[in-house]
1. Among the numbered criteria (1) open to solvent by 70 Å² or more (accessible area, probe 1.4 Å); (2) more than 25 Å from the chain's Cα centre (by Cα); (3) more than 30 Å from ILE32 (Cα to Cα), which one does TYR356 miss?
2. Just one of the numbered conditions (1) at pLDDT below 95; (2) open to solvent by 60 Å² or more (accessible area, probe 1.4 Å); (3) closer than 17 Å to LEU410 by Cβ is not true of PHE377; which one?
3. Output the qualifying pairs, or none if there are none: Cβ atoms under 9 angstrom, residues six or more apart or on different chains, first residue in region 268-293 and over 30 Å from THR254 (Cβ atoms), second residue of a type in the set (Asp, Glu) and open to solvent by less than 20 Å² (accessible area, probe 1.4 Å).
4. Being β-branched (Val, Ile, Thr), modelled with pLDDT of 95 or more and open to solvent by less than 60 Å² (accessible area, probe 1.4 Å) narrows it down to one of VAL411, VAL416, VAL405, so name that one.
5. Scan the strands (runs of 3 or more DSSP E) fully inside region 93-187 and keep the ones with 3 or more residues being surrounded by fewer than 17 Cβ atoms within 10 Å (Cβ to Cβ) and free of Cβ contacts under 8 Å to residues at least 24 places away in the same chain.
6. If THR290 meets every condition in (1) in a strand (DSSP E or B); (2) modelled with pLDDT under 95; (3) among the β-branched types (Val, Ile, Thr) apart from one, which number is that one?
7. If I filter region 322-353 down to residues being in contact with a strand residue (DSSP E or B) (Cβ under 8 Å, 6 or more places away or on another chain) and of a type in the set (Gly, Ala, Ser), which single residue comes out as most open to solvent (accessible area, probe 1.4 Å)?
8. Here are the criteria: (1) of a type in the set (Phe, Trp, Tyr); (2) surrounded by fewer than 16 Cβ atoms within 10 Å (Cβ to Cβ); (3) at pLDDT below 95. Tell me which single one PHE391 does not satisfy.
Amino acid sequence: MIKKFLILITVVFSSLSFAQQGSSSPYSFYGIGSLKFKGTVENQSMGGLSVYSDSIHINLRNPASFAGKNLKSFNNEAKPIKYTIGGSHSEVKLSSGSQTDKSSTSSLDYLAIAVPLGKFGAGFGVLPHSSVGYKLQSTDADDVLQYKYRGEGGLNRVFLGFGYQLSEDFRLGVDASYNFGNIKNTNIAFGYNTQGELLQYQSREQNRSDLGGLTYNFGLIFSKLIKPNLEVTASATYSPSSELTSANSRAYSTIVIDPTTQQEFTINISEVDLSVFNLETTKLTLPSKTSFGLGVGTPRKWFAGVEYTFLKASQFSNRLLSIDNATYEDASTIAVGGFYIPKFDSFNRYWKRIVYRTGIRFEDTGLRINNEDIKEFGISFGVGLPVGRIFSNANVGFEIGTRGVNTANLVKENFVKFQMSLSLNDRWFEKRKFN
């Protein structure tokens with residue numbers, strides 16, 4: 001067990017830089033990037049639905065799930081400790097007017113452990129909060145200068161959470177997260193002479209923000225059998241608004257661009273003293289988030305639910321980078337989904353123990369550009385494949401959807417996202433039968 005802990009912790013810290021490269025969306029240009037974590041593969045395969053929790057999967061959206069019957073023992077002597085790790089690969093087709101392009105990204109999305117502690121339960125791990133990854137190009141109104149924008153980085157989150165079984169039907173929990181990461185933005189202005197040749201010298205602006213700060217998430221889950229084979233589940237979470245500290249730097253450079261390879265050569269560089277503008281250290285406000293879910297089903301057979309999430313994105317602010325044509329309004333998401341298991345204890349028919357999941361989501365991101373609301377839509381499917389001896393499983397899912405519009409000089413994204421995770425269960429404590 002100790003060896004497994006050490007291996008997992010090593011993987012956690014080695015994955016932090018890898019987890020940031022998870023976006024190729026031009027909309028990650030805005031704010032602190034595209035919000036990356038939308039639940040485990042099991043959640044996302046049901047449209048992002050997180051109201052449901054059981055004894056063999058970790059629900060990272062609601063800390064109340066760490067407690068109570070979600071961590072009950074497989075027998076009277078042993079209790080399971082749960083591990084989960086998940087990753088994804090996305091293929092995106094971008095369209096704006098008559099122009100199209102394609103991009104792809106792969107990333108490690110989360111890594112976590114849940115530990116039983118009697119009526120208490122604990123969970124900890126690492127996951128990405130947001131991701132920045134874009135390359136854009138535009139021309140000024142006079143068609144004299146062209147601009148290239150690129151960005152990378154994002155915000156990661158290390159969390160520790162606790163849940164408590166308050167009664168047979170009611171659980172509550174809280175988790176604390178330390179958010180950290182950096183965002184790099186580069187803007188290059190370049191032009192051509194009357195012969196169409198690239199001018200010898202170009203200018204480049206580079207901005208970097210190193211971010212850090214705490215956030216909290218509170219959750220509760222209510223589950224009750226209203227009939228011998230029918231259970232009702234309700235859940236709620238709330239994350240209050242919080243502030244991140246951003247240490248900022250900015251530099252201007254004169255560069256030469258090789259017209260063949262597009263490689264940049266720096267001629268000189270000038271660091272900007274941001275303290276003069278009171279921008280050397282700034283505060284970013286992360287908005288509050290509230291969700292409510294309700295579902296019904298037969299335990300270990302089927303489940304169907306709906307969840308509403310409200311993000312007060314209008315609270316977001318960033319003094320370092322302000323964009324005239326973009327504003328933030330309150331955001332919301334509606335997710336509907338569920339699962340079906342033909343026969344969970346059919347040990348001589350493997351396919352009957354497979355979990356079949358599906359869902360749909362409608363999301364208003366809260367981002368408004370050129371007077372257009374940026375929205376997302378996705379349909380998801382997935383399966384849970386039993387592996388091993390102690391209810392471990394491999395989860396595979398995919399989602400097809402759209403983001404944005406291709407009018408008002410904006411970009412529409414059509415994406416396909418493939419996901420995979422491992423949910424592993426092991427003995428936390430097992431009484432020896434022989435001395």
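1. Among (1) open to solvent by 70 Å² or more (accessible area, probe 1.4 Å); (2) more than 25 Å from the chain's Cα centre (by Cα); (3) more than 30 Å from ILE32 (Cα to Cα), TYR356 violates only (2).
2. (1)
3. SER291/GLU307; PHE292/GLU307; GLY293/GLU307
4. That would be VAL416, the only listed residue that is β-branched (Val, Ile, Thr), modelled with pLDDT of 95 or more and open to solvent by less than 60 Å² (accessible area, probe 1.4 Å).
5. Numbers: elements: 99-117, 120-139, 145-165.
Answer list for region 93-187: 99-117, 120-139.
6. (2)
7. So, considering only residues that are in contact with a strand residue (DSSP E or B) (Cβ under 8 Å, 6 or more places away or on another chain) and of a type in the set (Gly, Ala, Ser), the one most open to solvent (accessible area, probe 1.4 Å) is SER332.
8. Evaluating PHE391 over (1) of a type in the set (Phe, Trp, Tyr); (2) surrounded by fewer than 16 Cβ atoms within 10 Å (Cβ to Cβ); (3) at pLDDT below 95 leaves (2) as the failure.
The values are calculated or read from the model by the stated rules, or taken from the named source; none is laboratory data. Bear in mind the structure is a predicted one, so any value in this text is a computation, not a measurement. Counting neighbours? That spans all protein chains shown, and the Cβs are built from the backbone with ideal geometry, glycine included. Heavy atoms of the whole protein, side chains included, go into the accessibility calculation; ligands, DNA and RNA do not. Shrake-Rupley method; radii C 1.70, N 1.55, O 1.52, S 1.80 Å.
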